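The values are calculated or read from the model by the stated rules, or taken from the named source; none is laboratory data. Because the structure is predicted, anything quoted here is derived from the model rather than measured. Glycine also receives a Cβ, built like all others from the backbone with ideal geometry; neighbour counts cover every protein chain displayed.
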Amino acid sequence: MKTKTLLLGLAVAAGLAACGGGSDSATIINPPSTSDVPASATVSATAYTQFAKTLQKSDDGQPLNVQTVIPPTSETDAPVGL
């Protein structure tokens, strides 16, 4: 029994160790520090989607001020999930 537990623990540790690393080619966009939507997010539908993906999910965070924001639309771009 101890041997199975030990082997399982080693397999999990090896699997987690192999998951590290990755590519540095991804662009990291920092979430906004204010409650306003930046003008760069309203340039295109793609930019707006990228901005929305950077928002952190939180129940107790500062809400965004979207009263003056008009989300861009596109008739040619395919819908993108968040």
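Per-structure values
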item	result
Close pairs (9 angstrom Cβ cut-off, 6 or more residues apart or separate chains): of a type in the set (S, T, N, Q) in segment 59-70, at pLDDT 75 or above anywhere	N65/D36; N65/V37; T68/D36; T68/V37
Residue count for segment 59-82, restricted to those that are surrounded by 10 or more Cβ atoms within 10 Å (Cβ to Cβ) and in a loop (DSSP other than H, G, I, E, B)	10
Residue within segment 9-29 that is surrounded by 10 or more Cβ atoms within 10 Å (Cβ to Cβ), in a loop (DSSP other than H, G, I, E, B) and either modelled with pLDDT of 75 or more or in contact with a Leu (Cβ under 8 Å, 6 or more places away or on another chain) (or both) present	no
Filtered residues of segment 39-58 (kept if part of a loop (DSSP other than H, G, I, E, B) and surrounded by 13 or more Cβ atoms within 10 Å (Cβ to Cβ))	S44, L55
Selection status of D60, out of contact with any Cys (no Cβ under 9 Å at 6 or more places or on another chain) and modelled with pLDDT under 80	yes
Pair list, Cβ under 8 Å, 6 or more apart: segment 24-49 residue within 21 Å of G61 (Cα to Cα), other residue modelled with pLDDT under 60	P38/P32
